[in-house]
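One structure below.
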Amino acid sequence: DQQVKQNSPSLSVQEGRISILNCDYTNSMFDYFLWYKKYPAEGPTFLISISSIKDKNEDGRFTVFLNKSAKHLSLHIVPSQPGDSAVYFCAASAIQGAQKLVFGQGTRLTINP
Amino acid sequence: EAGVAQSPRYKIIEKRQSVAFWCNPISGHATLYWYQQILGQGPKLLIQFQNNGVVDDSQLPKDRFSAERLKGVDSTLKIQPAKLEDSAVYLCASSSSVGIYQPQHFGDGTRLSIL
């Protein structure tokens, strides 16, 4: 039972353009959502998060949007830079679940110069 | 602030052997997690500790995996005996318990290969 899904295994974007990564979830109890970035041979690095009481959170070039009715969230990176090339994981948790994180399968983002 | 420390970085063993991984969380973080990440998948939680007590171990294969956090700081994860399907990266993470909605911070993991 895949509760968090990232349907695009890979995405290629030109430098300077917008990157949009998508994530869908099925469990309506999830109330906190996070994006992690992972480089090869390193652990995931926390990027940005959003709680279910908000529909948007922004941090510099990164913005996360949450659509609770559609059970969908997205990460926008503007403008995309070569250093953004990595695997991005979406994760979700529920306060009632002791904040246990459930991860998606990841999307490999490649920024082309 | 020092990050989550894990050792060893790599380990190669034969099936049916035993192996142990060590984790030192970020100072002051009461909650510690062990994840298993199989190639091409997202991390999957194995066990969660709050101080030295277990909060969730529902996905830990208890017939072969064990974990402890004796003094509420460092933790070890053990596999005995190892199976081929245990080949994965084992990640440790920690988070602060101050307030709700605290992100988890990960170490670089231990890559385990079973021959």
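Just a few scattered comments:
- Test set (1) surrounded by 14 or more Cβ atoms within 10 Å (Cβ to Cβ); (2) more than 10 Å from chain B (Cβ to nearest Cβ) - A:G83 fails condition number: (1)
- Among residues of the stretch A:7-56, those that are open to solvent by 70 Å² or more (accessible area, probe 1.4 Å), touching a helix residue (DSSP H, G or I) at 6+ places or on another chain (Cβ under 9 Å) and more than 23 Å from B:Q104 (Cα to Cα), counted: 1
- Among (1) under 30 Å from B:D57 (Cβ atoms); (2) of a type in the set (F, W, Y); (3) more than 14 Å from chain B (Cβ to nearest Cβ) - the single one A:F46 does not satisfy: (3)
- Some residue of the stretch A:92-112 being open to solvent by 70 Å² or more (accessible area, probe 1.4 Å) and without any contact (Cβ under 8 Å) to a residue 60 or more places away in the chain: no
- The lone exception for A:L75 - which of (1) open to solvent by less than 40 Å² (accessible area, probe 1.4 Å); (2) out of contact with any Lys or Arg (no Cβ under 8 Å at 6 or more places or on another chain); (3) within 13 Å of chain B (Cβ to nearest Cβ) it fails: (3)
- Spans of strands (runs of 3 or more DSSP E) in the stretch A:18-104 with at least 3 residues touching a Phe, Trp or Tyr at 6+ places or on another chain (Cβ under 6 Å) and farther than 20 Å from B:P43 by Cβ: none
- Taken residue by residue, the stretch B:77-91 has at least one member that is open to solvent by less than 30 Å² (accessible area, probe 1.4 Å) and in contact with a helix residue (DSSP H, G or I) (Cβ under 8 Å, 6 or more places away or on another chain).
- Residues of the stretch B:86-106 that are of a type outside the set (G, A, S) and at pLDDT 95 or above: B:D86, B:V89, B:Y90, B:L91, B:C92, B:F106.
- Residues satisfying the stated conditions in the stretch B:51-64, i.e. touching a strand residue (DSSP E or B) at 6+ places or on another chain (Cβ under 8 Å) and farther than 19 Å from A:K100 by Cα: B:R64
- Annotation: B:G72 fulfils all but one of (1) open to solvent by 10 Å² or more (accessible area, probe 1.4 Å); (2) touching a residue at least 60 places away in the same chain (Cβ under 8 Å); the unmet one is (2).
- Residue that is nearest to the other protein chains (Cβ to nearest Cβ), among those in the stretch A:17-32 that are closer than 19 Å to A:E58 by Cβ and modelled with pLDDT of 95 or more: A:C23
The values are calculated or read from the model by the stated rules, or taken from the named source; none is laboratory data. No experiment lies behind these values; they were computed from the predicted model shown. Neighbour counts are summed over all protein chains in view; Cβ atoms, including those assigned to glycine, are modelled from backbone coordinates with ideal geometry. Just the protein is used for accessible areas: all its heavy atoms, side chains included, with ligands, DNA and RNA removed. Shrake-Rupley method; radii C 1.70, N 1.55, O 1.52, S 1.80 Å.
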